[in-house]
Structure formats: structure tokens, C-alpha cells
Amino acid sequence: MATFEKYLSAAYPIVWVSTPEPERVQRELFKIANQLQPGKTHYRWDILTGLAPLVLTENTLRGYELGKAESCPNPIQAVTKSSDRDGGVTFLWNAHKYLHMPECIQAFQNSVN
């Protein structure tokens with residue numbers, strides 16, 4: 001996780017994590033993001049839930065709850081919407097399924113600027 005801290009501190013625009021335990025990894029990376037970027041809103045996207053803010057809480061084992069989700073059927077919309085906000089981390093679940101689409105790659109690149 002120390003590598004993620006370095007990437008986040010260096011403002012890497014995109015970090016790809018492949019894992020069989022996405023919930024655990026998101027929980028740990030969310031903790032780091034909150035420590036390094038206090039006050040920023042971090043988001044999670046998946047095709048069924050849409051784009052939802054991650055709300056810090058101590059009432060769950062995860063350490064966060066999903067806030068009210070916006071309908072967002074693809075990662076292009078998720079990246080566009082989240083990059084228009086305050087610059088927190090957006091966790092995209094299964095976005096690799098869309099990387100064959102040039103417009104998806106372009107959305108990722110545009111979100112960096």
C-alpha cells in the first residue's frame with residue numbers, strides 16, 4: 001500500500017489494481033486516500049450501482065458506506081462526472097471490460113487534464 005501512497009502524493013492520474021479481493025483493497029486504499037486528501041470526496045463506480053460517494057464511517061467494518069448513487073451505466077460517465085468534482089479518488093470496478101472502447105480511453109485521458 002506504500003506504493004499507492006507514493007502514486008497519490010505524486011498525483012498519478014490513474015492507478016490500475018488487479019485483485020481477487022476488490023472490497024478489501026478499496027477499503028485500504030480509501031483509508032490512505034482520506035489520510036492524504038482530507039476533505040475530498042472519493043467515489044466508487046460499478047455498472048449496477050452507478051457512481052456513489054464513499055462516506056467515511058466508523059459504524060461498519062469497511063470504514064465507509066456508499067452514499068446516494070447516481071445512475072451511471074458506463075465508466076465514461078463515471079470518470080467524467082467524478083473528474084468534474086473535487087479531485088478525489090474514483091474506484092472503478094470492472095472498468096477493464098470497457099477498455100476496448102476508444103471513447104473510454106479518451107475519457108480517462110481527458111480526466112487527467
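Here, each number is a calculation from the coordinates, and none is a lab measurement. Model, not experiment: these values are computed from the prediction. Heads up, the Cβs are rebuilt from the backbone with ideal geometry, glycines too, and the neighbour counts pull from every protein chain shown.
Within segment 94-113, identify whether any single residue is among the charged types (D, E, K, R) and assigned to a helix (DSSP H, G or I), and answer yes or no. Please lay out each step first, then the result.
Taking segment 94-113 first, the residues among the charged types (D, E, K, R) are 97, 103.
Next cut, assigned to a helix (DSSP H, G or I) only: 97, 103.
Yes; the residues of segment 94-113 include at least one that is among the charged types (D, E, K, R) and assigned to a helix (DSSP H, G or I).
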Check your understanding: On the given criteria, is residue 40 assigned to a loop (DSSP other than H, G, I, E, B) and closer than 22 Å to residue 7 by Cβ?
Key -> yes
